[in-house]
Each structure stands twice: as C-alpha cells, then as structure tokens.
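The values are calculated or read from the model by the stated rules, or taken from the named source; none is laboratory data. Remember, predicted model here, so these are calculated numbers, not experimental data. Ideal geometry is used to build each Cβ from the backbone, glycine not excepted, and the neighbour counts take in all protein chains shown. Ligands, DNA and RNA are stripped out before the accessible areas are found, and what is left, the full protein with its side chains, is counted by its heavy atoms. Shrake-Rupley method; radii C 1.70, N 1.55, O 1.52, S 1.80 Å.
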Amino acid sequence: MSVTGGCLCGAVRYRIDGPLSPVVACHCSQCRKASGHHVASASAPRDSIAVAGELRWFASSALARRGFCPVCGSNLFWDGQGPDMAIHAGSFDGDPGVRLVAHIFCADKGAYYEIADGLPQAPAGRSGLPEDIT
Ligand SMILES: [Zn+2]
Ligand SMILES: [Zn+2]
C-alpha cells in the first residue's frame, strides 16, 4: 500500500512506498515557528519516499533540514540524520492509516494551548516516551 500527499498548491507531490510510523506531535520551538503551531508527523525510510516537483530545503539546525514548497510555503518534510524522514501528517491525502500516538518536546510547547488528549507526553525527545511507542 502506498500513501500519497502534497502541498497546498499541488506543485510538490510525494508517494511513500514503505512502512509508515505512527504520528507523533512535536511541540519544539522550531516546529512551532516553521508550521505556525505544533507539527504532527509520521516517518518513513527516506528511500521509500518519491517526490515530484521542486522541493526547497531550509537548514533549521546543524542536524536537520525542513523541506517545503517554494510556491505555497507548505511544510512537508523534516529530514534529520537517521535513515528515516518525517512527513508532516497534514499533507497526506485521505487517511494514511496511522494515528497520533504521543507528544514530544512538551517542555518547549507554546503557552497558548494545553495538551489534553491523554496521549503520552515527553518533556524532550522520543527517549522520554514509553518503550512501546519509541
Ligand atoms: Zn505548493
Ligand atoms: Zn520539533
């Protein structure tokens, strides 16, 4: 089964032919600045993601870059140094078959909202989550 998605204007499209992880919400300040709120993303092996269209990359830290559509500005990808790349869940077409399971970098969340869905929360990275989620 493949999962497809793309940006708001349609200039960038992608297809994922590989395992997709559950969705995790990241509340770090970089995700909040880049997206306008927190980021919810799923991960897939980088070599299972095929992108069509011109994607632009922003180096948001020494360790990661963020891929976005240069036409409409939609945030689509977070690319760290591991074998997987994160895909922003809001960009999926239809139901990707995976669900939100946890929140990370909660100590860095915005002051203007609460996280009240009952899912596990880690103050920083995924290592603070229950083992069955990481
Ligand atoms: Zn676009
Ligand atoms: Zn983040």
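Obtain the nm distance between the two label points defined at Asp17 and Leu100 by a simple spin-label model: each point lies 7 Å from its Cα along the Cα-to-C-beta direction.
3.2
Taking K and R as +1 and D and E as -1, what net charge do the other residues with C-beta under 15 Å from the C-beta of Ser2 add up to?
That works out to -2.
Expressed as a whole number of Å, what is the distance separating the alpha-carbon centroids of segment 64-92 and segment 117-134?
21
Sort the following peptides by mean Cβ neighbour count (other Cβ atoms within 10 Å, averaged over residues), highest first: 69-80, 21-32.
Sorting 69-80, 21-32 by mean packing, highest first, produces 21-32, 69-80.
Multiply the residue gap between His37 and Cys72 by 0.36 nm, knock off their C-alpha separation, and tell me the result in nm, one decimal place.
10.9 nm
Computing the accessible area with a 1.4 Å probe over protein heavy atoms, can you report the carbon and sulfur percentage for segment 1-112?
That share works out to 56 percent.
I'd like to check one number: the per residue accessible area of segment 26-93, probe 1.4 Å, reported in Å² as a whole number.
49
Return the distance in nm (one decimal) between the two label points of a simple spin-label model at Ala111 and Trp57, each offset 7 Å from Cα along Cα→Cβ.
3.6
Can you list the residues, at least 5 places off or on another chain, whose amide H is less than 5 Å from the amide H of His88, using H built in the peptide plane?
Phe77, Trp78
Per 0.36 nm of contour for each residue apart, how much would the distance between Arg65 and Ser2 grow if the chain were fully extended, relative to their Cα-Cα spacing?
That pair, Arg65 and Ser2, stretches by 20.3 nm at full extension.
Using per-residue counts of other Cβ atoms within 10 Å, averaged over each peptide, order 36-43, 120-127 from highest down.
Top of the packing list down: 36-43, 120-127.
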